[in-house]
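Novice: Structure in structure tokens, see below.
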Amino acid sequence: MKCKVSNTKIKPFMSLGQMPMANGFLRKKDFKKEFFYKLEVGFCKTNYLFQINDHPKSPKIFNNTYPFFTSQSKYMTRHFKEYFDWLKKNKYVKKKSNCIEIGSNDGTFLRNFKKNKINCTGFEPAKNVAKHKNNNGLDVVRNFFSFKNVSKIKDIKSKVDLICAANVICHIPDLNDLIKAIDFALSDNGHFIFEEPYLGSMFEKLSYDQIYDAHIYMFSAHSVQKIFKDKGFVLIDAIPQITHGGSMRYVLARANNKVKQTLTKIIKLEKKKKLNKLESCLRFKKDCIK
């Protein structure tokens with residue numbers, strides 16, 4: 001097994017065996033064609049990244065029958081309104097900002113930008129979701145957010161003030177390409193802000209279903225800080241969220257930006273809980289077996 005970011009060899013520390021894909025919803029006649037993959041987990045000591053070895057590849061997962069639509073959840077609709085208000089309050093987004101949302105789904109988050117007359121483009125690879133009526137009138141690119149796709153867009157280089165995402169980055173296998181695309185598009189003073197289910201919460205609640213739910217990575221502040229530092233970015237803040245059983249919102253900027261006290265406290269707490277050590281993963285495995 002190799003780390004998907006550092007390419008260093010790592011040993012799987014836990015296996016959940018052969019698993020079918022989450023959100024498959026097969027018809028009975030298709031049972032014999034069910035897709036299975038070996039679900040085993042590893043931890044990279046170089047960048048503190050918790051990750052699965054194998055995973056369902058597109059278009060097996062993000063295809064024309066992707067089943068999740070954000071607007072069907074009143075809770076998540078409200079959360080994205082609060083997420084936008086937080087961006088505005090903290091001046092990460094302003095009237096003349098140019099913004100991108102990675103994995104914009106049915107436009108639930110994008111609509112908040114539209115209502116406030118702020119330019120925001122969504123990237124959504126699941127065609128059926130991108131075509132949803134909720135996306136009418138929104139600027140949506142029906143494709144993956146990758147360096148190849150982003151670099152094709154005219155006049156985007158270094159012009160984007162905010163790139164944001166929620167519950168998406170953990171699904172992207174090639175984080176190196178993702179960061180390359182962010183680096184290409186983001187302005188000198190721009191921010192990349194994303195939130196994901198949090199490794200610390202998964203360990204605390206033993207919510208090992210997070211591994212199964214198509215999450216290639218489970219991030220911690222330590223892993224995000226290390227991965228992006230190696231690419232010229234600095235993690236300046238981390239804000240805990242209650243969504244998905246415990247998530248974390250990460251704020252990144254280009255190098256030489258000041259780190260906030262809230263992040264310093266979270267890093268200290270992670271060290272205390274040994275989220276930067278394989279030891280915590282082995283304890284998690286033991287607890288899962290129990």
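The values are calculated or read from the model by the stated rules, or taken from the named source; none is laboratory data. These numbers come from a predicted model, not from an experiment. Cβ: placed from backbone, ideal geometry, glycine included. Neighbour counts: every protein chain shown.
Novice: Regarding segment 4-13, can at least one residue be identified that is basic (K, R) and in contact with a Pro (Cβ under 7 Å, 6 or more places away or on another chain)?
Specialist: yes
Novice: Another question, if that's okay. For segment 189-260, list the helices (runs of 4 or more DSSP H) that sit wholly inside it and hold at least 2 residues that are in contact (Cβ under 8 Å) with a residue 12 or more places away in the chain, hydrophobic (A, V, I, L, M, F, W, C) and surrounded by 21 or more Cβ atoms within 10 Å (Cβ to Cβ); which are they?
Specialist: The helices (runs of 4 or more DSSP H) meeting that bar are 199-205, 221-229.
Novice: Something else: For residues that are touching a Leu at 6+ places or on another chain (Cβ under 8 Å), of a type in the set (G, A, S) and surrounded by 10 or more Cβ atoms within 10 Å (Cβ to Cβ), tally how many sit in segment 7-44.
Specialist: 1
Novice: Looking only at segment 261-290, how many residues end up being crowded, with 16+ Cβ neighbours inside 10 Å and assigned to a helix (DSSP H, G or I)?
Specialist: 8
Novice: Check off (1) in contact with a helix residue (DSSP H, G or I) (Cβ under 7 Å, 6 or more places away or on another chain); (2) of a type in the set (D, E, K, R); (3) buried (at least 19 other Cβ atoms within 10 Å of the Cβ) for R142 and give me the number that stays unchecked.
Specialist: (3)
Novice: Let me ask something else about it. Just wondering, is there one or more residues in segment 27-37 that are of a type outside the set (A, V, I, L, M, F, W, C), modelled with pLDDT under 90 and in a strand (DSSP E or B)?
Specialist: Checking segment 27-37: at least one residue is of a type outside the set (A, V, I, L, M, F, W, C), modelled with pLDDT under 90 and in a strand (DSSP E or B).
Novice: Filter segment 38-79 down to the residues that are modelled with pLDDT under 95 and among the aromatic types (F, W, Y) and list them by number.
Specialist: Residues satisfying the conditions are F62, Y66, F68, F69, Y75.
Novice: On to the next question. Tell me, which residue of segment 157-172 that is outside any strand (DSSP E or B) and surrounded by 15 or more Cβ atoms within 10 Å (Cβ to Cβ) is modelled with the lowest pLDDT?
Specialist: H171
Novice: Assess whether K91 counts as being of a type in the set (D, E, K, R) and not in a loop (DSSP other than H, G, I, E, B).
Specialist: No; evaluated as a whole, the condition is false for this residue.
Novice: Assess whether L186 counts as being of a type outside the set (G, A, S) and either modelled with pLDDT under 95 or under 25 Å from E82 (Cβ atoms) (or both).
Specialist: Yes.
Novice: Cβ-Cβ distance below 6 Å, separation of 6 or more or different chains: which pairs start in segment 12-24 with a residue that is touching a residue at least 24 places away in the same chain (Cβ under 8 Å) and end on one that is part of a strand (DSSP E or B)?
Specialist: Once the first residue is touching a residue at least 24 places away in the same chain (Cβ under 8 Å) and sits in segment 12-24, its partners that are part of a strand (DSSP E or B) give P12/E40; P12/G42; M14/V41; S15/E40; L16/L39; M19/L39.
Novice: Within segment 104-156, track down each residue that is within 26 Å of N176 (Cβ to Cβ), part of a loop (DSSP other than H, G, I, E, B) and among the charged types (D, E, K, R).
Specialist: E124, R142, K152, K154, D155
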